[in-house]
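The values are calculated or read from the model by the stated rules, or taken from the named source; none is laboratory data. Just so we're clear, the structure is a prediction, and the values are computed from it rather than from any experiment. Here the Cβ is made from the backbone with ideal geometry for all residues, glycine too, and neighbour counts use every protein chain on show.
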Amino acid sequence: MSEFDAGFAELDALGLRRRRRVVDSPCAPELVVDGRPVLAFCSNDYLGLANDPALVAAAQEGARLYGVGSGASPLINGHMTPHAALERRLAEFTGMERALLFSTGYMANLGIVPALAGREDAIFCDRLNHASLIDAARLSRAELNIYPHLDLAALERELASSKARRKLVITESVFSMDGDLAPLSDLLVLAERHGAWLLVDDAHGFGLLGPQGRGAAAHFGLASLRLIYMGTLGKAAGAAGAFVAATQNAIEWILQKARTYIFSTGEPALIAHTLLKSIDLIEQGNERRRHLAGLNALLHSSIKFKRWQLLPSETAIHPLLIGENAETMDVASRLFARGIWVPGIRPPTVPAGTARLRITLSAAHTEAHVARLAETLMELE
Ligand SMILES: *Cc1c(COP(=O)(O)O)cnc(C)c1O
């Protein structure tokens, strides 16, 4: 008996045991898993860039020019020419003064939030925010206020009654498990009225929203000294990493204080070199975004369920609400047996009783892929 056995038994009983599969092909709609072909609707590679030949070539060129490892923290010798160029490009692309690159989105949030808020401060966090934002808020030791999902009236009451030295409102732009969009203009008005900062995590909007995919801030035309914009580079951008963009001063402060930036090895320069190409493809990507929007509409128009519910979505994230953990995982495994991979999402990732399949579409999918998914799901209900 290991000391973890009781814990495993509890996870198994609740249907919460997580398992991985080994994928033996590049990230694309058609994968090879355990030696057999699978049609996948699970990646966040929304523009189909993860295996784009131009990005693969850029990565090879980056390795030739800069090697593989960066060797140290960006504050020692791990900040190289492609990192500096990418930071300038990201600032210009998102319309912010300055940007700072992190190795992952999780690390970015864990660095940014404690840099901005500490013991004497207060954080106001949407209840459905991503785990990295919740963890970051806890790590900061600031007072943590969690407001009901998109409940701006509740948020305003909490902001108005807070006596904290500094206030930080944290939200996702596109919520990762529901695919709905936060009203960022209204949130920014509230933040400014109460002297708070607004941190927007645009993990699922960067590359997709706004003109040329410039992200949620551009989509809503946000401009404010109080805006801290964070985007990730492993989803629509097709590679890895993340960045925060804001005023010159706010970014300089985060650079001085973010421990996940200071005490972690810099992202390999070949990735930054690849991402410069990726931003070009995003900027020129209207055709990809138009195709993706067509697939999103096609999915909703071709599915009719009796019991299950395909939630409305303005994005490429389509939650199919099933409810119970066991039924959700059973549907996911029957779907997989038919060669279609859609992940089941259970608590604590989503609230209890709202287990779901999380369908994500990509510009690399075809209409035939979406039709096959819709038909198979309706057969299984
Ligand atoms: C994926 C995600 C992150 C983490 O980004 P990684 O680069 O994958 O570490 C942060 N926030 C949100 C909302 C995400 O969906």
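Numbers below:
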{"item": "Number of positions in region 51-91 that are assigned to a loop (DSSP other than H, G, I, E, B) and free of Cβ contacts under 8 Å to residues at least 12 places away in the same chain", "result": "2"}
{"item": "Whichever residue in region 189-242 is hydroxyl-bearing (S, T, Y) and outside any loop (DSSP other than H, G, I, E, B) and, among such residues, is farthest from the ligand (Cβ to nearest atom)", "result": "Y229"}
{"item": "Contacts under 6 angstrom Cβ, first residue in region 199-219 being farther than 17 Å from A99 by Cα, partner modelled with pLDDT of 95 or more and acidic (D, E), 6 or more apart", "result": "Q212/E283"}
{"item": "Test: I271 is in the same structural domain as A242 (by TED's automatic domain parsing), in a helix (DSSP H, G or I) and in contact with a Ser or Thr (Cβ under 9 Å, 6 or more places away or on another chain)", "result": "yes"}
{"item": "Region 99-138, subset touching a Lys or Arg at 6+ places or on another chain (Cβ under 7 Å) and of a type in the set (G, A, S), residue nearest to the ligand (Cβ to nearest atom)", "result": "G111"}
{"item": "Qualifying residue in region 164-171 (condition: β-branched (V, I, T), within 16 Å of the ligand (Cβ to nearest atom), touching a residue at least 24 places away in the same chain (Cβ under 8 Å) and farther than 15 Å from A108 by Cα)", "result": "yes"}
{"item": "Region 325-381, residues that are out of contact with any helix residue (DSSP H, G or I) (no Cβ under 9 Å at 6 or more places or on another chain), of a type in the set (D, E, K, R) and either surrounded by 17 or more Cβ atoms within 10 Å (Cβ to Cβ) or part of a loop (DSSP other than H, G, I, E, B) (or both)", "result": "R358"}
{"item": "E143 away from the ligand (no atom under 15 Å from the Cβ) and of a type in the set (D, E)", "result": "yes"}
{"item": "Enumeration of residues in region 20-79 that are farther than 22 Å from G339 by Cα and within 16 Å of the ligand (Cβ to nearest atom)", "result": "L47, L49"}
